[in-house]
Each structure stands twice: as C-alpha cells, then as structure tokens.
1. Quick check, is Leu128 under 20 Å from the mean Cα position of the chain (by Cα) and at pLDDT below 60?
2. From the list Gln232, Gln268, which residue is surrounded by fewer than 16 Cβ atoms within 10 Å (Cβ to Cβ) and either at pLDDT 95 or above or closer than 30 Å to Lys173 by Cβ (or both)?
3. Scan the stretch 182-193 and tell me whether some residue there is touching a residue at least 24 places away in the same chain (Cβ under 8 Å) and closer than 22 Å to His271 by Cβ.
4. Only residues that are of a type in the set (Gly, Ala, Ser) and under 12 Å from Val162 (Cα atoms): list them for the stretch 182-198, please.
5. Based on this model, can you work out whether Phe187 counts as touching a Ser or Thr at 6+ places or on another chain (Cβ under 9 Å), not in a loop (DSSP other than H, G, I, E, B) and not assigned by TED's automatic domain parsing to the domain that holds Val162?
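The values are calculated or read from the model by the stated rules, or taken from the named source; none is laboratory data. What you see is a predicted model, and the numbers here were worked out from it, not measured in a lab. Counting neighbours? That spans all protein chains shown, and the Cβs are built from the backbone with ideal geometry, glycine included.
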Amino acid sequence: MQDTTTEVKETTKEVAKAFNVDDAISGLWEKLGGWLDALILKLPNFVIAVLVIVLFYFIAKGLQKLIKRVLLRRVKEESVKQMIGQIVFAVTLLIGFFVALGVMELDKVLTSVLAGAGVVGLAIGLALQGTLSNTVSGFILSFLPKISIGDWIETNGEKGFVTEINLRNVTVKRPDNEFTIIPNSTFIDNPFTNYSISPRSRTIVSCGVGYESDLQMVEDLTVKTIGEAFKQRDGEEVEFFFQEFGDSSINFVVRFWADCVNGKQGHQNMHKAIKAIKKAFDANDVNIPFPIRTLDFGKNNLTIHNQNNGAS
C-alpha cells in the first residue's frame, strides 16, 4: 500500500513538471498572434469578399425585378411570379457567396461546401421527388400558351374554369361550383381540351323525321332554320346529313358553327337550335315520331304492345 502511494506521488510530480502554466499561456498568445497576423494579411481579401457579396445582392435584386417585369409578363399567376423571382434571387446570391469564398482563398472550405450541397441536394431530391415533379410541371404550365386563368377546360373527366395555376397544382371550378385540385404532374402527363382557345366551335344536333316526310324539304328547311338562327362566317356552313333508317324515323344530324368558349355557351347553342328546329317542323307539318306503349289488361296476363306514332 505504501509503494502504491509513493508511485502516485511521483507521477503527480512528473505531471506538474510537464505542465507549466507560463508555457501554456505563452503558446496561447503565439497562436492568437498567428491568427491576428493571418487576419491582417487577409483583411484586403475580406473587404473585397464583402464587397462581392454586396454587389451580388444588388445584382440578384435587379435580376428578380427584370425577370418579373420582362420574362414573366405572360405568366398571370402572381404566386408563380413571386416564387420564380425568389429562386433567381437565391441562386444569384449563392453564386456571389461562392465567389467571395474564392476571393478569400478558402478553396478547401469551398470544396467542402459544394460537396455538402451536392449530398444534401441529392437527399432532398429523393425525399421530395413528387413535390419537385409538380414544381417543374408548374414552371412548364406557367409558360404554356395553351392554358391560362379563366379558360374552360376538360381533363381526366373534369370540366370547368381554371381559377388558379401555381407551382403545385391547377385548380378547376366545376359547373356545380365545386373545385377540383389537379397536381401539375398529373395535368402535364394527361391530355386536356381547352375550349377557350378558339372563339367558335361546331355544334351537332341529332333528330329524326317520319318515313312519310319529304326528305329534301326536311333538309332544306333545317339548313335554312339553323342558318337564320346562327349566322355562319367565311369558311363556315350549315351541314346536314341523313344517317340511318331507324325503327320509327329517318335520323339525321345537322352541324353548324357558333360562338362557344365554355360549357354554358355550348348548352345555350344546343338549346336554341332544338327550339328553332321544333318550331320550324311544327309550322310545316313535319312529324318527329315518338314511341307509344299500349297496356292490354287481360284476364290472366298483362300484354304490352309497342307502336310508334305516325302522325303529328
């Protein structure tokens, strides 16, 4: 036990001899002095780096305003403009930061930052793959001339007015006043119909007349009636075609051009055309057949006889 105590005392003495407070303080001052010398030597580079950061800040601000005013004039959605401007600002400022690190000759730090940014960017890209896909699609939609706010479109079985286009989705207001949110990637990957691109479209109305009708008179009367109700422009005409011998009628279609940029106008054109044709047929005794069902109540069975109206 006494030997052990002696060994501990000797070890403590050796440590005390090895550690000298004065030497430690002297080494610390030497280290601080070296840092101060390095700081003084790098001071011009530091000032230039700060000036570079300030310069790139104003360049980023200028580019942000330029892009929003000039390049994004065709983009109607304000949220998309703001997002693109912020991205341009951040990228320009990041470039300025890298240039500043190069001015200060911090090449190793710059390499480490770039390597770390690459790893972080890869991780974020994998984690937010769906979100980034929608964002890229949002950029495409922002510059796509085939769709804009207020257009009447049809896609994926949905019809309605486009009320918003942002970097995540397209919002469609349906005729029933409900809203459908469509992710941008889904919208881009699927076909859509924009009824608002062309101010006029073709409307098709189907009908049938009795077998006793004068077919030439029916054709002339229908073409005249539709032509008076819907004025046709240059290169447009009312087209009439008999299609088939039906069970109780000879069926036809009439096609004509009319102003139509949304679903409501399409229904209005169909409504007006049907009323005009019915009125003209009634005035000229043209029969539009309809089926008649007769119920025969016998003693044992109920017999149903189907026949078709042959008179107006």
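1. Judged against the criteria, Leu128 is a match.
2. Exactly one residue qualifies, and that residue is Gln268.
3. yes
4. Of everything in the stretch 182-198, just one residue is of a type in the set (Gly, Ala, Ser) and under 12 Å from Val162 (Cα atoms), namely Ser196.
5. For Phe187, the condition - touching a Ser or Thr at 6+ places or on another chain (Cβ under 9 Å), not in a loop (DSSP other than H, G, I, E, B) and not assigned by TED's automatic domain parsing to the domain that holds Val162 - is not met.
The rows are residues; the columns are (1) within 29 Å of Ile153 (Cα to Cα); (2) surrounded by fewer than 17 Cβ atoms within 10 Å (Cβ to Cβ); (3) not assigned by TED's automatic domain parsing to the domain that holds Ile153.
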| position | (1), (2), (3) |
| --- | --- |
| Ile204 | yes, yes, yes |
| Gly210 | no, no, yes |
| Ser213 | no, no, yes |
| Glu219 | no, yes, yes |
| Val223 | no, yes, yes |
| Glu228 | no, yes, yes |
| Ile250 | no, no, yes |
| Val254 | yes, no, yes |
| Ile277 | no, no, yes |
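Matching residues to (1) small (Gly, Ala, Ser); (2) in contact with a Ser or Thr (Cβ under 6 Å, 6 or more places away or on another chain):
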| position | (1), (2) |
| --- | --- |
| Phe241 | no, no |
| Val254 | no, yes |
| Gly266 | yes, no |
| Ala273 | yes, no |
